[in-house]
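Quick notes on the structure that follows.
The values are calculated or read from the model by the stated rules, or taken from the named source; none is laboratory data. Note that the coordinates shown come from a computational prediction; the quantities given were computed from them, not determined experimentally. Note that each Cβ is placed from the backbone with ideal geometry, even for glycine, and that neighbours are counted across all protein chains shown. Side chains are part of the model used for accessible areas, which takes the heavy atoms of the whole protein and leaves out ligands, DNA and RNA. Shrake-Rupley method; radii C 1.70, N 1.55, O 1.52, S 1.80 Å.
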Amino acid sequence: MRCRIRREFISQPSEIASGESWRLLHLPTHEEHFYDVHRLEFTGAGSVELPTDDSCQVLSLVEGDEVVVEAGGMSRAVRYAETFVVPAAAGSFTLHSAQPAKVLTAFIKKGRGPE
């Protein structure tokens, strides 16, 4: 039973992309969940552009003082513990951080949206 719990219910993060001052981790959810989670970790000042992959992105700054999000020609500062949404229609968005920070992103798994 313990192996099943560890395998199916405890997320095992894996790095899916990285840059000079950031890395993107996949925090897998249970296969029956319709959503998925990524965590973007800034190790210092930097920027990263991410695609929406035709899915609304719900993001939350969970560590650090502030990040700046740019999408669709708009720019907005987001502070610790704030949650924000980037619509799928934006196509992509850029996050900028002046210091170490962590941002969680939740989105609908491919093929799991409304039919």
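I want to confirm something. Restricting to the range 1-35 and keeping residues that are open to solvent by 60 Å² or more (accessible area, probe 1.4 Å) and among the polar types (S, T, N, Q), which single residue is farthest from the chain's Cα centre (by Cα)?
My answer is Gln12.
Any residue at all in the range 66-79 that is on the phi < 0 side of the Ramachandran plot and either touching a Cys at 6+ places or on another chain (Cβ under 7 Å) or assigned to a loop (DSSP other than H, G, I, E, B) (or both)?
Checked against the condition, which is being on the phi < 0 side of the Ramachandran plot and either touching a Cys at 6+ places or on another chain (Cβ under 7 Å) or assigned to a loop (DSSP other than H, G, I, E, B) (or both), the range 66-79 yields no hits at all.
Failed condition for Gln99, given (1) assigned to a loop (DSSP other than H, G, I, E, B); (2) within 22 Å of Ser11 (Cβ to Cβ), with all others met?
(2)
His33 - would you say it is of a type outside the set (A, V, I, L, M), in contact (Cβ under 8 Å) with a residue 60 or more places away in the chain, part of a strand (DSSP E or B) and under 20 Å from Ala88 (Cβ atoms)?
Against the criterion (of a type outside the set (A, V, I, L, M), in contact (Cβ under 8 Å) with a residue 60 or more places away in the chain, part of a strand (DSSP E or B) and under 20 Å from Ala88 (Cβ atoms)), His33 does not qualify.
Of the residues Gly46, Gly111, which single one is of a type in the set (Gly, Ala, Ser) and under 30 Å from Arg4 (Cα atoms)?
Residue meeting the stated conditions: Gly111.
Given Val68, Val58, Val103, Val85, which one is aliphatic (A, V, I, L, M), surrounded by fewer than 16 Cβ atoms within 10 Å (Cβ to Cβ) and either at pLDDT below 95 or under 12 Å from the mean Cα position of the chain (by Cα) (or both)?
Val85
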